[in-house]
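A short worksheet on the structure shown next.
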Amino acid sequence: MNLSRRLNKSPRLFTLTFSVVIITLLILYMMSGEKDHRDFVNKIKEAPLFTYGFVLRYSNYKVKYALMIDYQTTIETTFYSDHRGCGQCFNLAPQLFTHPFPVIYNKNDKSLHRILIVPDDFKEFGIPYPDSLNWVREILGE
């Protein structure tokens with residue numbers, strides 16, 4: 001008997017097979033997103049330079065206690081706008097507008113940039129956390 005007939009006759013087998021397929025696809029999707037992120041970080045690390053950026057707005061992001069942050073920066077007289085998710089930024093929300101934040105970018109491809117806010121952002125790029133952002137650590141309780 002072929003697989004489709006067996007699946008039709010056994011709802012449990014169908015449910016199990018369907019679940020395994022969905023879980024496998026979700027794992028592959030998450031792995032590809034993580035790889036894309038690592039590639040992005042590595043490209044910036046190839047030729048890093050710094051500037052400052054400002055948070056323009058934020059909104060809840062996918063989950064209750066994470067934010068999607070829209071920011072703008074200027075690199076060599078050109079404005080760049082972008083956004084990023086930040087799971088640790090929820091408690092920082094009101095203060096995000098009142099401070100400039102470092103932005104790291106690739107000097108050869110200025111479209112590759114990222115605003116750095118929380119200590120984990122700096123760790124990801126192997127950069128010491130600046131004293132000017134100690135107020136962030138205090139709010140995060142670190």
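Here, each number is a calculation from the coordinates, and none is a lab measurement. Keep in mind that this is a model prediction, so the values were computed, not measured. Don't worry about glycine lacking a Cβ; one is built from the backbone with ideal geometry, like all the others, and counts go over all protein chains shown.
The table below gives the values:
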read-out	value
Answer residue from the range 115-135, given it is out of contact with any helix residue (DSSP H, G or I) (no Cβ under 7 Å at 6 or more places or on another chain) and of a type in the set (Val, Ile, Thr) and is nearest to Gln72 (Cα to Cα) among those	Ile115
Matching residues in the range 48-99 - criterion: being surrounded by fewer than 16 Cβ atoms within 10 Å (Cβ to Cβ), within 11 Å of His113 (Cα to Cα) and aliphatic (A, V, I, L, M)	Leu49
Some residue of the range 106-128 being farther than 20 Å from Glu46 by Cβ, crowded, with 16+ Cβ neighbours inside 10 Å and aromatic (Phe, Trp, Tyr)	no
